[in-house]
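Novice: Before we start, here is the structure in question, set down as structure tokens.
The values are calculated or read from the model by the stated rules, or taken from the named source; none is laboratory data. Treat the numbers as computed from the prediction; the structure is a model and nothing was measured. Quick reminder, even Gly has a Cβ in these numbers, built from the backbone with ideal geometry, and neighbours come from all protein chains shown.
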Amino acid sequence: MQILIIIMFGLAWWFGLYLLARDPAKPLLQRVGGGLLLYALALAAGDIGAANADPRLSTAVVFLALTPAIAWVGALPLFFPIEMALRDRLDRLWQRAVWPLSLLVLLALVADLMVVAVALVLLPLLFGLALVIRRRSDQPSPKVAWLLPAATIFFIIGVMGLAVPPFSLARQWVLLAVGVDLGLLGLAAGLLDAFEEGETLRRDLRRSFVGALVAATIFGGQIAAALALGAGLRAPAAALLYTTLAGAIAVVVLAAPFNTALDRLSFPGARRLQRERAELRALEEALPRRDDLSPLLEMDEATFAKITRRALSHYGDLPRLASSPLIELPIIAQRLQARNSADRPLERAAELKSLLAECIARLKPRSDEDFGASDEWRHYNVLYFPYVVGLKPYSRRGNANNLDPLAQQALDWLAQVPERTLYNWQNAAARLIAADLRNETACGLKT
């Protein structure tokens, strides 16, 4: 049993960090990844408490085991398309309720009201289950459409099983079963993220897992072997084992930000060197995610428009553009060959950026003005100024204070557009860009 707990801890800790490292800015990955990390801490705390024969950790363990359920509730609405108004309402409701709900669960556990604590997380979970079953057809990814309801059902059963007596054999098995359900939710989140980005998950996931496994075996295996030859796994030794495993896995999974921090310490005055090394690391992270098995010419219009929309959103990030299927456009190779440039991922990404800029420029109305607020300017404005110029209409801190008059005028106009409306306009404009990319005379896609 103890070996299974250690293995499950390592898997949950790795998968949680992996999801967070994919894109720390995405709320879905934050919540699912955070839930997996809390679950891993619950396993470690329970094992350390059992090794010390200390029942005082029971409340902390159960609380850590229930908090992933709260994160699960917050993740469910984010599996639906952003165009759904219900998604935003449920997300705002969860953001307001997450801390009060967590506090109520903790108070119920302190008062030894296990049934109340479990009920507090079960009711939102049941509502979320009903939602994902009823709106299953709205799921953008077919794989997620069946995986998400099944994982939620089994997770609810696992949460109900947490009401068994503390640190009993039954609870340990329940905790292990809950980990499988959380893993399925993490897989659903990873699949959806890869689907939305036009990337593949399998190779990137395998590379991260192999690296984490090697690190955990090298460092954690030494401690495990020493404990097996010694007096057994007591509390201090158990704590050492889990912290060593956690540290070794984190260094591998979070290698890019870890090396970025090292560069800042090692080369404090060499900003260019730091930037170039960061770009190379980002490219290394992006390449395994590139989907080479999706022929562009065989894609339907909706899928092609989706990956075009994602490429536009990564306009200023060459490593992320390098993971886009659009770098395989025949015209990219033609343009590189015409310029006698090396056919490398970063060169393709830079050429794709130039190509997107040209397509965006073609959306500009024929006028002597550089900016207009009429409807004919709408599609050009919502792509050019946020992506090419880099304006952030809903974050004043993200914009420079010394904007030129044109950029300031565009920023004032964008700030008056509701966020959902801006998103819909960008989608419509992305469809025009996608059609342009697929057009033989406009961007030379066909050969």
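Novice: Going by the conditions given, is I331 in a helix (DSSP H, G or I), touching a strand residue (DSSP E or B) at 6+ places or on another chain (Cβ under 9 Å) and not assigned by TED's automatic domain parsing to the domain that holds E197?
Specialist: Here the answer is no, as I331 does not meet what is asked.
Novice: Under the condition of being surrounded by 13 or more Cβ atoms within 10 Å (Cβ to Cβ) and over 25 Å from R366 (Cβ atoms), which residue from segment 395-423 is modelled with the lowest pLDDT?
Specialist: Checked segment 395-423; the qualifying residue modelled with the lowest pLDDT is N399.
Novice: A further question on this structure: Does segment 122-135 contain at least one residue that is within 27 Å of the chain's Cα centre (by Cα), part of a loop (DSSP other than H, G, I, E, B) and either under 19 Å from L36 (Cα atoms) or in the same structural domain as L182 (by TED's automatic domain parsing) (or both)?
Specialist: yes
Novice: Here is a further query. Looking for whichever is of a type in the set (A, V, I, L, M) and surrounded by 15 or more Cβ atoms within 10 Å (Cβ to Cβ) here; the options are L126, L113, L76. Which one fits?
Specialist: None of the others qualify; the one that does is L76.
Novice: Find the residue count for segment 277-328, including only residues that are modelled with pLDDT of 85 or more and in a loop (DSSP other than H, G, I, E, B).
Specialist: So the count comes out to 6.
Let's see how each residue does on (1) closer than 30 Å to R136 by Cα; (2) not acidic (D, E):
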position: G179; (1), (2): yes, yes
position: I223; (1), (2): no, yes
position: A238; (1), (2): no, yes
position: V251; (1), (2): no, yes
position: R272; (1), (2): no, yes
position: E276; (1), (2): no, no
position: D291; (1), (2): yes, no
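Novice: Now a separate question. Can you work out which of the residues in segment 334-350 that are touching a helix residue (DSSP H, G or I) at 6+ places or on another chain (Cβ under 8 Å) and free of Cβ contacts under 8 Å to residues at least 24 places away in the same chain is nearest to E196 (Cα to Cα)?
Specialist: My answer is E347.
Novice: Output the residue which, of all residues in segment 154-191 that are surrounded by fewer than 19 Cβ atoms within 10 Å (Cβ to Cβ), small (G, A, S) and in a helix (DSSP H, G or I), is modelled with the highest pLDDT.
Specialist: It comes out as G183.
Novice: Now a separate question. What about Q95, is it out of contact with any strand residue (DSSP E or B) (no Cβ under 7 Å at 6 or more places or on another chain), touching a residue at least 12 places away in the same chain (Cβ under 8 Å), polar (S, T, N, Q) and buried (at least 19 other Cβ atoms within 10 Å of the Cβ)?
Specialist: No: the conditions fail for Q95.
Novice: Under 8 Å by Cβ, and 6 or more places apart or on different chains, what pairs join a residue from segment 143-162 that is touching a residue at least 24 places away in the same chain (Cβ under 8 Å) with one that is crowded, with 17+ Cβ neighbours inside 10 Å and in a loop (DSSP other than H, G, I, E, B)?
Specialist: Final answer for the pair search is L148/Q139.
Novice: Of G247, G211, which residue is modelled with pLDDT of 85 or more, under 30 Å from L326 (Cβ atoms) and assigned by TED's automatic domain parsing to the domain that holds G10?
Specialist: Within the list G247, G211, the selection yields G211.
Novice: Hey, can you tell me all the residues within segment 340-367 that are charged (D, E, K, R) and either within 22 Å of N439 (Cα to Cα) or outside the structural domain of V389 (by TED's automatic domain parsing) (or both)?
Specialist: Matches in segment 340-367: R348, E351, K353, E358, R362, K364, R366.
Novice: Let me ask something else about it. Do you know which residues across segment 253-293 are out of contact with any Leu (no Cβ under 9 Å at 6 or more places or on another chain) and of a type in the set (A, V, I, L, M, F, W, C)?
Specialist: Listed by number, the residues that qualify are A255, A256, F258, A261, L262, L265, A270, L273, A278, L287, L293.
Novice: Can you say whether R87 is among the basic types (K, R), modelled with pLDDT under 90, part of a helix (DSSP H, G or I) and farther than 27 Å from V61 by Cα, as far as the supplied structure shows?
Specialist: The answer is yes for R87.
Novice: Kindly indicate the residue of segment 368-379 that is farther than 18 Å from P405 by Cβ and modelled with pLDDT of 90 or more and also nearest to the chain's Cα centre (by Cα) among those meeting that condition.
Specialist: Among those that are farther than 18 Å from P405 by Cβ and modelled with pLDDT of 90 or more, it is H379.
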